[in-house]
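Working notes for the structure below.
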């Protein structure tokens, strides 16, 4: 039996985690003197409400080698003969390294995959792996499929401010914007080869940056059918649902997910952020 494991930055909705029997390893949020497990001790809505008013700025820490090792051993004890562990981009976090080191300490074979992305760009890979497993594919076939899928993934994130990305230290190549005019709203993309944040464009208004994101994202899918799309949001559910309805009308995707971005990623993107993550089937 192949077990699929990932970390809490995947942002997969709970119903799909249960449906595909996916195991989630939480990262940590450090806020003042307190430590919280991502999406376990601290839920997204509570996080976004607090970050607006708390003078202390939170930081995050990846799950430890021991955290990964413990979960590997637990799923092996329940009958897993092989494990595929997918993590957030190694360019953004030490999670891939922790997962890889833990894999050396257990008897069950563990294949660790660098997702080269956060949020549902990682989540789509996890779901694809679980669906491939359920369809009877072997580990080697699943890993090859994931390598190919990464080449088709597209992710854009529209933020209300550059402040959060800068404070989190995960600014990547968007560092060139530091020092730009205040109140500028940045649009970033994820480079799925390097796993880094890339600058896409800037806007002075919320509507402007959202329109830029929508247009740039769907430019990648001209004449493409069978789209899998996720709309992720920083506690602005109504706006995310309105965008999802527009996507349904204009593109009729085969799969459309709306979910709130988790706290660990929210430290970088902040309240009010909106993201599109997706790919087209072959």
(request) Please go through the stretch 41-55 and pick out each residue that is farther than 17 Å from residue 232 by Cα and touching a strand residue (DSSP E or B) at 6+ places or on another chain (Cβ under 6 Å). (result) 42
(request) Only residues that are modelled with pLDDT under 95 and not in a loop (DSSP other than H, G, I, E, B): list them for the stretch 35-58, please. (result) 51
(request) May I ask you to list the residues in the stretch 115-159 that are over 12 Å from residue 86 (Cβ atoms), in a loop (DSSP other than H, G, I, E, B) and under 15 Å from the mean Cα position of the chain (by Cα)? (result) 153
(message) For residue 49, only one of the following conditions fails: (1) touching a helix residue (DSSP H, G or I) at 6+ places or on another chain (Cβ under 9 Å); (2) touching a residue at least 24 places away in the same chain (Cβ under 8 Å); (3) outside the structural domain of residue 119 (by TED's automatic domain parsing). What is its number?
(response) (1)
(request) Scan the stretch 253-270 for residues that are modelled with pLDDT under 95 and either assigned to a loop (DSSP other than H, G, I, E, B) or farther than 20 Å from residue 39 by Cβ (or both) and report the count. (result) 1
(request) For residues that are without any contact (Cβ under 8 Å) to a residue 24 or more places away in the chain and either outside any loop (DSSP other than H, G, I, E, B) or in contact with a helix residue (DSSP H, G or I) (Cβ under 8 Å, 6 or more places away or on another chain) (or both), scanning just the stretch 1-34, find the one that is farthest from residue 269 (Cα to Cα). (result) 19
(request) Being over 16 Å from the mean Cα position of the chain (by Cα) and buried (at least 24 other Cβ atoms within 10 Å of the Cβ) is the filter here, so list the residues in the stretch 248-282 that pass it. (result) none
(message) I'm trying to understand the selection: among the residues of the stretch 25-38, which are surrounded by 20 or more Cβ atoms within 10 Å (Cβ to Cβ) and closer than 17 Å to residue 71 by Cα?
(response) 25, 26, 27, 28, 38
(request) Pick out the one residue from 73, 82 that is touching a helix residue (DSSP H, G or I) at 6+ places or on another chain (Cβ under 6 Å) and surrounded by fewer than 21 Cβ atoms within 10 Å (Cβ to Cβ). (result) 82
(request) Filter the stretch 140-160 for residues that are touching a residue at least 60 places away in the same chain (Cβ under 8 Å) and surrounded by 18 or more Cβ atoms within 10 Å (Cβ to Cβ) and give the result. (result) 142, 146, 149, 153, 154, 155, 156, 157, 158, 159, 160
(message) With the requirement that a residue be assigned to a loop (DSSP other than H, G, I, E, B), farther than 18 Å from residue 128 by Cβ and at pLDDT 95 or above, what does the stretch 69-93 give you?
(response) 78, 79, 80, 81, 90
(request) Within the stretch 73-81, identify whether any single residue is closer than 28 Å to residue 107 by Cβ, in the same structural domain as residue 106 (by TED's automatic domain parsing), in contact (Cβ under 8 Å) with a residue 40 or more places away in the chain and in contact with a strand residue (DSSP E or B) (Cβ under 7 Å, 6 or more places away or on another chain), and answer yes or no. (result) yes
(request) Tell me, please, whether a residue that is over 24 Å from the mean Cα position of the chain (by Cα), surrounded by fewer than 20 Cβ atoms within 10 Å (Cβ to Cβ) and not in a helix (DSSP H, G or I) can be found in the stretch 95-105. (result) yes
(message) Looking at 197, 209 in this structure, which one is buried (at least 21 other Cβ atoms within 10 Å of the Cβ) and out of contact with any helix residue (DSSP H, G or I) (no Cβ under 9 Å at 6 or more places or on another chain)?
(response) 209
(message) What's the number of the only condition in (1) in contact with a helix residue (DSSP H, G or I) (Cβ under 8 Å, 6 or more places away or on another chain); (2) closer than 15 Å to residue 269 by Cα; (3) modelled with pLDDT of 70 or more that residue 132 fails to meet?
(response) (2)
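The values are calculated or read from the model by the stated rules, or taken from the named source; none is laboratory data. Everything numeric here is computed off the predicted structure, so don't read it as measured data. Positions of Cβ are generated from backbone atoms using ideal geometry, with glycine treated the same way; all protein chains shown enter the neighbour counts.
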